[in-house]
Amino acid sequence: MKKNLFMAITVVAVSLLLSLLLVAPVSAETIDNEAVDDDFQVGEVLPDHHLYGLERVGEISDKFAADGPEEALIGLEIAEKRLGEINAMIEDMNPDPDRADIVQTLAQDYQDELDELNDIKAELADEEREDVEDKVSNAMNKHYTGLEKANLTITGLMDQVPEEAIPGLENATQSIQDAHEKSDETREEALSHLEEVNPLKAAENRLAFAETRIDNTNELQEQGHDRHVQDRANAYSDEMDKVMDLIDKSADQEFDTEELEEKVAYATLKHMDVLENISEKVPAEAQEAIERAMNASITGHETALDNLPEQKQQEIRNYIEENHPGIKDNIRDIVNENAQQNPSTQNIDEKPTVGGVL
């Protein structure tokens, strides 16, 4: 009954919006949207277009007509469209700072969509929920990074717009930060469920997120975002510790962890390269976070390597010799040298122990 009533209302709303089209026809060129975000797709029109309401009505109709996992995934897709629209609006905010109000509204809409998504997931049967939580947690990795990008872009606009536009940008920044927190909360809620029913999937997801904390840190440092680099390094360390704990849990539950541990052994080599490079550039106050990340990286690498069959171990050692010669010794030297200058920092032993306790 509720859905029938809603569909009737939707039909009336769509009819009214279509009547507007007849009064004010719009060419295909007018509604063509070229402002498509690299990571998040947008619809046919953007929020500042007079046909945008029609698109939102269609979203509501699609979502309401679905049930269970399909409804959850439609909600996730809609949330991603809000992120695409946020970034598209931000791109044009320099010539038009009034768009900050639209960004603020879109960020709230994004949070509302995630709240609805979390409510839908909670009602799913266990066999349905695992797949949805896996998709949601992976999507939140991307959302988290996308919202970081949006916030940094707005912050960079502060000295480029008229003074009277600054309060609007500050409000938009706060709304983006709130959306960022909501995406992290949604991600952790999804992972909390996954960790109970399939810790191996949760470990794979956390490794993917750890990699996003390493990506682009050189560019961020060069742009002067040293505090952001420091925060990312700490997040990376936390995430890698959880990855290794979840691999242990997966093995205890007789999941086959070999493929993931091989991935960890290779991925952490790249992580160590990045961390070695960035350690030479960040200010002193960020060094502790970088060294902690180095510890987490080499601990994860050595632990995963030790758990692999001998043949795989040898393949990885050969790969290191060809592609990352001396990287592990370099990482140990950096941390141990700084440990001598700062007694609160522990040395890295030749063989770090499981769990990141050195």
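Read the figures in this text as sums done on the coordinates, not as results from a lab. Small disclaimer: the values here were computed from a predicted structure and weren't measured. Cβ placement follows ideal geometry from the backbone for every residue including glycine, while neighbour counts extend to all protein chains displayed.
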Quick one: check the C-alpha center-to-center distance for segment 282-331 versus segment 55-91, whole angstrom. 41
Cα gyration tensor of segment 182-279, axes a ≥ b ≥ c as square roots of the eigenvalues: rounded (a/c below 1.5), prolate (a/b > b/c) or oblate? oblate
Signed unit charges on C-beta, dipole axis of segment 198-358, positive-most listed residue Leu220, Ile316, Thr299: Leu220
Taking a ≥ b ≥ c as the square roots of the Cα gyration tensor eigenvalues, with a/c under 1.5 meaning rounded and otherwise prolate when a/b beats b/c or oblate if not, segment 69-224 comes out oblate
Straight-line reach only, C-alpha to C-alpha below 16 angstrom: list the lysines that Lys270 could link to, leaving out same-chain residues fewer than 8 apart. Lys328
Among the listed pairs Lys121/Lys201; Lys263/Lys312; Lys242/Lys281; Lys182/Lys263; Lys142/Lys242; Lys63/Lys201, which are separated by more than 23 Å between their Cα atoms? Lys242/Lys281; Lys182/Lys263; Lys63/Lys201
Listed with the fewest Cβ neighbours within 10 Å leading, Met89, Met158 appear as Met158, Met89
Rounded, prolate or oblate for segment 198-358? Axes are the square roots of the Cα gyration tensor eigenvalues, ordered a ≥ b ≥ c, and the cut-off for rounded is a/c under 1.5. prolate
What nm distance separates the two modelled labels at Asp98 and Arg227, each placed 7 Å from Cα along Cα→Cβ? 3.2
